[in-house]
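Down below is the structure, laid out as structure tokens.
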Amino acid sequence: MEKAIAIQMKGITKRFGEVIANKDADLDVRKGEILALLGENGSGKTTLMNMLAGIYFPDEGKIYIDGKEVVIRSPRDAYNHKIGMIHQHFKLIDVYNAIDNIILGESFYFDEAANKAKIASLKKPEGNESRKEKFKRNIKLLAARLEKAGAYIKFNWLSRNRGEDIRAIADKYGFAIDLKKKIYDMSVSEKQTVEIIKVLYRGADILILDEPTAVLTPQETKRLFDVIRNMRDDGKSIIIITHKLNEVLSVSDRVAVLRKGEHIATVNTAETSETELTEMMVGKKVVLNIDRAEPKNPIDRLTVSGLSLINKENVKVLDNVSFTARAGEILGIAGVAGSGQRELLEAIAGLQPAATGKITYFKPESNEAVNLRAKTPTQIREMGVRLSFVPEDRLGMGLVGNMDIVDNMMLRSYKKGKFFFVDRKKPKSLAENIIKSLEVATPGTNIPVRRLSGGNVQKVLVGREIASSPTVLMAAYPVRGLDINSSYTIYNLLNKQKENGVAVIFVGEDLDVLIELCDRIMVICGGKITGIVDGRSATKEEIGLLMTKGRQMEQSPSTVGQRG
Amino acid sequence: MKSTEKSAREPFFQIVKRDNLVWWKAWLIRAAAVISAFLVCGIVSVILTKRGFGSFYVSLFKGVFQTERRIWNLFQNISLLLCISLAVTPAFKMRFWNIGAEGQALVGALASAAIVVYFGGKVPEALLLVMMFGAAVAASVIWAVIPALFKAQWNTNETLFTLMMNYVAKSLVAYFINVWVTSGSGVLGVLKFGHFPAIGGYAYLLNIIIVAVLTVLVYMYLKKTKHGYEVSVVGESLNTARYVGINVKKVIIRTMVLTGVLCGIAGLLLVAGTSHTVATNTVGGRGFTAILVSWLAKFNPLYMILTSFMVVFLQQGAAQVATDYRLSNAFPDIIIGMFFFFIIACEFFANYSIKFRLAKKEKKA
Amino acid sequence: MFVIFLFNAIRFSTTFMFGCTGETITEKGGNLNLGIPGIMCVGAVGGCIGESIYLKSLSDISRINPFLAVLIPILFAMLFSGALGMLYCFLTVTLRCNQNVTGLAITTFGVGFTNFFITLVDRTNFNVASKSFTKFFPIQDASNWFVKLFLSYGVMVYLAVIIAIIAAIILNKTRLGLNLKAVGENPATADAAGISVTAYKYGATGIGSAIAGLGGLFYIMDYLNGSWEYSIDAMGWLAIALVIFSIWRPNWGILGSILFGALYIAPSYLNVSFSQKELLKMIPYIVTIFVLIVSSIRNKKENQPPASLGLSYFREERY
């Protein structure tokens, strides 16, 4: 039986400047179903849902709820339409417990009629009352009047049993949670639970979960899915944003696939397959025409073995990672965002001292093995290891936004100045060189880099990192947010480094680029390496499966294929 | 339909952070703020004194420039304020909110006074001055480094910590005065020893020269040295500092040592160069004013010459206005407070622009 | 002797208690208002102006109405100090200026304003008016220690305790407090939950400043019996210390104030030399530093300053 449609989005378009996040997207959600919203990173899933949650406002298109057109301007509007979204980054107050977070900001409805009736009844004396009774009645009357005034200024008490309603919701859907626990004591999964209960408590009938399983263990994921199914059976509509195929197949009723901001199709889960979904998600292979030379004399430059890392939240972000990067070769790293790519590169660069395992560097001159683990960036440099790192967060880590180009050039070399002083001459000529050779569009060298456009910022950063003639070059998402031309500049730079015999490690999100650019592609999922494939023979589907299959690998690690 | 509904519910203007204000526009905004501050100060003084608008400015300028002594006073006061402003600047650049310069300079002054009390007349004057310098710097460094150590190790809130240290320093001064002055008057008279030599007959000249040299040195330190560079990186982005391998704890402590050294010199200037005594109010709130001076100059030592000049000019000029019109000696504080409000508020207009929605709508259509 | 000491300590502590409660409310909303010393001064002079106006309106000083003689200065004090608090808010919340710098400027201005205008206020008969403050409570039996300790203060002492208790209740037990603390902890989260960050910051700072201003008024009209002393700003800095000492809890602030009051006046009761007295005056600050250090080392989340204290909040325009 077809269920009634709860929400319909029609022709939604959303632009951010030049970038089109959603283009003429349609979507409908039925009552009492779990809809999976599937797509690669950057396919516009989250943006589309943010328009339902009142974070963004669509440029074009209409939203209908129960067949009526609605306007959603703010999260508050979304709540009024019974839409609640659980964002990837939780919005919780750390020092509050679960209950306080759930009731935070809740508009308080004062039952004025009941209060009026109460005052009226208290005004009348009940037959013959003693002075004591009269006194009591007057006190009560005063209290009732104050109640009204108090409600007006939100002075209502947090009643001792205010947790009861919330407890009831939690029990109804089978959440196991201690509501008195402080958020800072909670695991990520508990925090997520609080967010879900908060949304339910506000009366949401349509729940949107953005990548809910990204941070969960397999057991927690299973429990979450049980809860989600309970909610569906209760008649609620649930939208799960995800790019994990196995989850889509196991939990959803229907799947809507987005690609590059467009809605490709919505299919019934029961009638589809992994292959079909992958095809819809990644699309036809795009020919990019990136030159790829055969690696010359690929000798081992950097070997990582058994690297593990547990982060501050006590989550294992890297799990027994082993691989080798070779000179004269580009090693691609593919994986959904947040699978441990950042931590892996930071561990190699000496920014994650807590990592365990082995990171060995082979000096090009002598082939002498040097241990890099648990060394600071300064120590690494002092050992003569020429390691360059283009981090994901360009202006927050790789560069200082408020400093000019010359000063940013100095970040790597300021210690080379004479005695006590810094030398700005060499960085200045370096800056001029980079501006010239990489065609950085800037009025001059003394302009704060934050004023440059994204592509030019990246050229400055990559230019600086290459300038120190590295033997290992790590680049995390170096073309994210860049236009086509700038992207090609970066690809060419990486290729040139490769030809010069540098071991290049490239973390990318666009599989087409990875396949065209890299000699080998390592796939990481949930902090584990799920496979290393040859860039020349690999297909997108193959990599896509490795990217999403991490959880299944646990049962059958023997299928990890290492080719090439 | 939707868009009309949207505009009806949204505010008419929005505040947008602006990124690329041309430098001369930014200075124009600041100049406008200074001028309007002066105008409003004039208006307020007319209201308070019921005298002509112009006479306020005449008094103001007379108070600062009329006699040679006043001009010397002006430069002397600027040098003291500037010295303490220089002291707080490196730490601010690092986003370490040290509001304890008052106390840090005070213990410097106390230590140099202590040297005079115990050694004055017993050792040659030159040696005495060197000893005063050493003691002042040592005391101030200790005062400045204690909060820095806790900040580096346990991230203890430095604003509140340094604030409290001011009052401990004040009590310490009061204690020592009572130890030294047995009469119980609580006032340490003018010390006979440990005076800076008068250069060319000018008593304050050495003060001014020292601070001028320090200004250049601090400017060079921040702009030209590796330390200064590290300070800016730590202040701008801790993540970047980590990325290039800067030891943040070390930088915090080292910078506060520098603050201590400069505060110690300020204390020495106060005792040896200016007041030749020490009291709980020797620093006279300059530790706090210095924060404003440094902030208004965007932590640039050369601009700080200008901002400290403006503050001292107003202080001294308004004091003259108060004398001329027989107003309370608190009058300068009111004028300076209002001046600060204008300058502080003008930063908003330099950093943000207000866009009106109606104009935006028309563009779209 | 001890009873008299304690009595005076409690009486003296009232000044801090107002300041501490006011500043705690302000800081819970994320505003580190270093202008509190100036605001307390302005409260004092505002109250004096109100009192002066009231006394002038009387044809004869003997016709003074004790109720009005107290109420009018209180309203004036709150009006003046609240206005200065609003100015602070305008600069830091609306114009997003640096809170430390703005606070210090407010203190400079407030102290100057106060010291300037107090010379213009006609303070004849203030000693008489002050009696309305000190003798408002009817029981004045000095022989009974209980009465002396609990029932013989002026009305403002009780007012300070009541305000502190109400503030504690509001902060911990009501939705108003829950929302306010959320604003101070994480304005972005509060904003997403539909709380108006600006309104809460203005409200908390305005009310907090008005309460703090009463501290200045109390010091002049009650503790000093209507005479003037240029030392209210020192009390203001102690009040800021107290906020830290009481780890942002107004109810602990009551006890903290009494402790600070006792420490402050203790030297006069102890047989110590002048110099030792000065050392004793240091204790409140050292104790505060100690609390600050211990709470940062223990790093217990509940005892930390509000997480966004001192930071301006700017919601980037969404589209």
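So if I check each of C:247, C:220, C:207, which one is buried (at least 24 other Cβ atoms within 10 Å of the Cβ) and under 17 Å from the mean Cα position of the chain (by Cα)?
Sole residue among the options that is buried (at least 24 other Cβ atoms within 10 Å of the Cβ) and under 17 Å from the mean Cα position of the chain (by Cα): C:220.
Give the residues of the range A:47-80 that are free of Cβ contacts under 8 Å to residues at least 24 places away in the same chain and touching a strand residue (DSSP E or B) at 6+ places or on another chain (Cβ under 6 Å), sorted by residue number.
A:69, A:70
When both residues are 6+ apart or on different chains and their Cβ atoms are under 6 Å apart, which pairs have a first residue that lies in the range B:44-60 and is among the aliphatic types (A, V, I, L, M), and a second that is exposed (fewer than 15 other Cβ atoms within 10 Å of the Cβ) and in a helix (DSSP H, G or I)?
B:46/B:53
Considering only residues that are facing chain A (nearest Cβ under 7 Å) and within 12 Å of residue A:105 (Cα to Cα), which ones fall in the range C:175-187?
C:175, C:176, C:178, C:179, C:182
Taking residue B:260 as the residue in question, decide whether it is within 16 Å of residue B:147 (Cα to Cα) and touching a Ser or Thr at 6+ places or on another chain (Cβ under 8 Å).
Considered against the rule, which asks whether it is within 16 Å of residue B:147 (Cα to Cα) and touching a Ser or Thr at 6+ places or on another chain (Cβ under 8 Å), residue B:260 comes out as yes.
For the subset of the range A:175-195 comprising residues that are among the β-branched types (Val, Ile, Thr) and more than 14 Å from chain C (Cβ to nearest Cβ), which member is farthest from residue A:211 (Cα to Cα)?
Filtering first and then ranking leaves A:177.
Please verify whether the range C:26-37 includes one or more residues that are of a type in the set (A, V, I, L, M), surrounded by fewer than 24 Cβ atoms within 10 Å (Cβ to Cβ) and over 11 Å from the mean Cα position of the chain (by Cα).
no
Considering only the range A:384-395, state which residues are surrounded by fewer than 16 Cβ atoms within 10 Å (Cβ to Cβ) and either more than 17 Å from residue A:476 (Cα to Cα) or hydroxyl-bearing (Ser, Thr, Tyr) (or both).
Listed by number, the list holds a single entry, A:384.
On the given criteria, is residue B:343 at the interface with chain C (Cβ under 7 Å from one of its Cβ atoms) and within 21 Å of residue C:110 (Cβ to Cβ)?
no
Which one of the conditions (1) at the interface with another protein chain (Cβ under 10 Å from one of its Cβ atoms); (2) in contact with a Lys or Arg (Cβ under 8 Å, 6 or more places away or on another chain); (3) at pLDDT 90 or above does residue B:280 fail to meet, given that it meets all the rest?
(3)
Residue by residue through the range B:291-300, note down the ones that are on the phi < 0 side of the Ramachandran plot and within 11 Å of the chain's Cα centre (by Cα).
Listed by number, the residues that qualify are B:291, B:292, B:293, B:294, B:295, B:296, B:297.
Go over the candidates B:166, B:207 one by one and state the one that is facing chain C (nearest Cβ under 9 Å), in contact with a helix residue (DSSP H, G or I) (Cβ under 6 Å, 6 or more places away or on another chain), among the polar types (S, T, N, Q) and not in a loop (DSSP other than H, G, I, E, B).
B:166
Taking the condition within 27 Å of residue A:184 (Cβ to Cβ) and either within 12 Å of another protein chain (Cβ to nearest Cβ) or charged (D, E, K, R) (or both), does residue A:93 pass?
So residue A:93 fits the description; yes.
With the structure loaded, tell me whether residue C:264 is farther than 21 Å from residue C:171 by Cβ, crowded, with 18+ Cβ neighbours inside 10 Å and more than 9 Å from chain B (Cβ to nearest Cβ) or whether it fails that test.
Taking the combined requirement at face value, the residue satisfies it.
Considering B:120, B:100, B:134, which residue is surrounded by fewer than 24 Cβ atoms within 10 Å (Cβ to Cβ) and either among the polar types (S, T, N, Q) or at pLDDT below 95 (or both)?
B:120
Return the residue satisfying two criteria in turn: it lies in the range A:48-73 and is of a type outside the set (A, V, I, L, M, F, W, C) and buried (at least 17 other Cβ atoms within 10 Å of the Cβ), and of such residues it is farthest from the chain's Cα centre (by Cα).
Selected residue: A:61.
So residue B:23 ticks every box in (1) within 26 Å of the chain's Cα centre (by Cα); (2) at pLDDT 80 or above; (3) within 14 Å of another protein chain (Cβ to nearest Cβ) but one. Which box is left unticked?
Condition (2) is where residue B:23 drops out.
Being within 22 Å of residue A:75 (Cβ to Cβ) and of a type in the set (A, V, I, L, M) narrows it down to one residue among C:190, C:168, C:160; which is it?
Among C:190, C:168, C:160, only C:190 is within 22 Å of residue A:75 (Cβ to Cβ) and of a type in the set (A, V, I, L, M).
Name the one entry in C:285, C:202 that is in a helix (DSSP H, G or I) and over 20 Å from residue C:14 (Cα atoms).
C:202
Give me a count of the residues in the range A:409-428 that are within 17 Å of residue A:448 (Cα to Cα) and more than 9 Å from chain B (Cβ to nearest Cβ).
Matching residues across the range A:409-428 total 3.
Name the one entry in C:214, C:171 that is within 16 Å of residue C:22 (Cβ to Cβ) and more than 14 Å from chain A (Cβ to nearest Cβ).
Step by step, each of C:214, C:171 is checked, and only C:214 is within 16 Å of residue C:22 (Cβ to Cβ) and more than 14 Å from chain A (Cβ to nearest Cβ).
For the range B:175-204, which positions are surrounded by 14 or more Cβ atoms within 10 Å (Cβ to Cβ) and either at positive phi or within 14 Å of chain C (Cβ to nearest Cβ) (or both)?
Those that are surrounded by 14 or more Cβ atoms within 10 Å (Cβ to Cβ) and either at positive phi or within 14 Å of chain C (Cβ to nearest Cβ) (or both): B:175, B:176, B:177, B:178, B:179, B:180, B:181, B:186, B:188, B:194.
Show me the strands (runs of 3 or more DSSP E) entirely contained within the range A:303-378 in which 1 or more residues are touching a Leu at 6+ places or on another chain (Cβ under 7 Å) and of a type outside the set (Asp, Glu).
Passing ranges, in order: A:316-326, A:329-334, A:356-362.
If only one of A:381, A:342, A:373 is surrounded by 14 or more Cβ atoms within 10 Å (Cβ to Cβ), within 14 Å of chain B (Cβ to nearest Cβ) and either without any contact (Cβ under 8 Å) to a residue 12 or more places away in the chain or farther than 17 Å from residue A:508 by Cβ (or both), which one is it?
A:381
The values are calculated or read from the model by the stated rules, or taken from the named source; none is laboratory data. Quick caveat: nothing in here was measured; it's all calculated off a predicted structure. All Cβ positions, glycine included, derive from the backbone under ideal geometry; neighbour counts span all protein chains shown.
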